[in-house]
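Since every read-out is calculated from the coordinates, none of them should be taken as a lab result. This structure is a prediction, so every number in the text was calculated from the model and none was measured. Neighbour counts run over all protein chains shown; Cβ positions are idealised from the backbone, glycine included.
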Amino acid sequence: MPQLKDIATQIRRDIVRMVHGVQSGHPGGSLGCADFLTALYFKVMDHQPAPFDMDGKNQDVFFLSNGHISPVFYSALARSGYFPVQELGSFRKLNSRLQGHPTTHEHLPGIRIASGSLGQGISVAIGAALTKKLNNDKNLVFCLTGDGELEEGQIWEALIFAPHNKVDNLIVTVDLNGQQIDGTTEDVAGLGDVGAKFQVFGWEVLHMNGNDMDDVVAVLEKAKALAGKGKPIAIMMKTVMGQGVDFMEGHHEWHGIAPSDEQLAKALAQLPETLGDY
Ligand SMILES: [Mg+2]
């Protein structure tokens, strides 16, 4: 089994190659969340890639709320065995199962909801978590949301509902990269102390450096240990948008633009091939 850090590096290569290949997509948030998705799919989650079971009964399930970071999601799914790695080359192409924003219509294994219409993932994850309780299914539900996404009103309905209903088999991670499509989150609509807000709503709150693999694994394991204790769990995950590619790091401009040929070469020089390119 390759080291988690090496898997994350290959996933970062996949991300920039996929987005470059069609000159379309979202590299910044994808690169920032590569360590998190690697830890989830290769270490932390108890899940079965194949055969894919849409209901996910008796396994951990993950919902990507900020669906525009589909490149990192598709790469993590393919690399962990949900579908052939070669299919990453069809990203955003006509009739591909790998559309810009994930949907269930294409029946891509690993995708359980359409996402990209922001704000909906936590609500869906709560529904899945309550279903697991009704089914006496002891596995967990994970969800990732962006920080800019917290400006959606539906998020706050979900944040009220989950603690009130003791949805304690749910682990929500917030990608605090401080950036969104139009600028920094503080400039667009200041979020203040996000962890304090979750806490005052009744969530158990943890903090994590989302670009330090050891910390990611340790905090996710700690979150799992806190499940079943009466409170939903939220992880405040600090990441750098564009992490791993120096000229993309920390710039909101890389939210949703593709690298040129020259920029791709520069990026790939910083990301050694570890598992073999698709
Ligand atoms: Mg953001």
Here are some pairs, Lys57/Lys222; Lys224/Lys266; Lys222/Lys266; which of them have Cα atoms lying more than 29 Å apart in this structure?
-> Lys224/Lys266; Lys222/Lys266
Could I have the simple spin-label model distance between Asn136 and Lys222, label points 7 Å from Cα toward Cβ, reported in nm to one decimal?
-> 3.4 nm
What whole number of Å gives the distance from the Cα centroid of the range 1-76 to the Cα centroid of the range 159-211?
-> 21 Å
Taking N as the number of residues in the range 1-115, what is its Cα Rg relative to 2.2 N^0.38 Å?
-> 0.97
Any residue on another chain or 5+ positions along whose placed amide H is under 5 Å from the amide H of Thr274 is listed here as Gln10
Along the range 116-125, what does the Karplus equation 6.51 cos²θ - 1.76 cosθ + 1.60 (θ = phi - 60°) give for ³J(HN,Hα), rounded to whole Hz, x for Gly and Pro?
-> x, 6, 6, x, 9, x, 5, 4, 5, 4
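With the cut-off at 1.5 for a/c, could you classify the range 78-203 from its C-alpha gyration tensor as rounded, prolate or oblate? Spell out each step's value before the answer.
Values: a/c = 2.43, a/b = 1.24, b/c = 1.96.
Oblate.
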Which pairs in the list Lys43/Lys197; Lys5/Lys132; Lys5/Lys197; Lys5/Lys238; Lys5/Lys229; Lys93/Lys238 are over 23 Å apart, alpha-carbon to alpha-carbon?
-> Lys43/Lys197; Lys5/Lys132; Lys5/Lys197; Lys5/Lys229; Lys93/Lys238
Residues meeting the amide H criterion for Ile235 (H placed from the backbone, H to H distance under 5 Å, 5 or more places apart or on another chain) are Val172, Thr173, Val174, Leu206
Simple label model, 7 Å out from Cα along Cβ direction - Asp212 to Ser96, nm | 3.5 nm
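Given 4 °C and 1.567 mPa s, compute D for the chain with the Stokes-Einstein relation, Rh being the Kirkwood radius over Cα pairs; round to the nearest whole µm²/s. Before the final figure, lay out each step's value.
Numbers: Rh = 18.5 Å.
So the translational diffusion coefficient is about 70 µm²/s.
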Candidate cut points under trypsin sites (Lys or Arg not before Pro) in the range 11-73, DSSP loop plus at most 12 other Cβ atoms within 10 Å of their own Cβ, are Lys57
Per-residue HN-Hα couplings for the range 253-262, Karplus 6.51 cos²θ - 1.76 cosθ + 1.60 at θ = phi - 60°, whole Hz, x for Gly and Pro?
-> 4, 8, 3, x, 10, 9, x, 6, 4, 5
Amide proton proximity set for Phe63, modelled H, under 5 Å, gap of 5+ = Phe142, Cys143, Leu144
Here, Glu249 and Ala269, labelled 7 Å along Cα→Cβ, have an inter-label distance in nm of 1.6 nm
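So which chymotrypsin sites (Phe, Trp or Tyr not before Pro) in the range 192-234 are both in a DSSP loop and have at most 13 other Cβ atoms within 10 Å of their Cβ? Show your work: numbers first, answer last.
Working: sites: Phe198, Phe201, Trp203; in loops: Phe201, Trp203.
Counting only loop positions with at most 13 other Cβ atoms within 10 Å, none of the chymotrypsin sites (Phe, Trp or Tyr not before Pro) in the range 192-234 qualifies.
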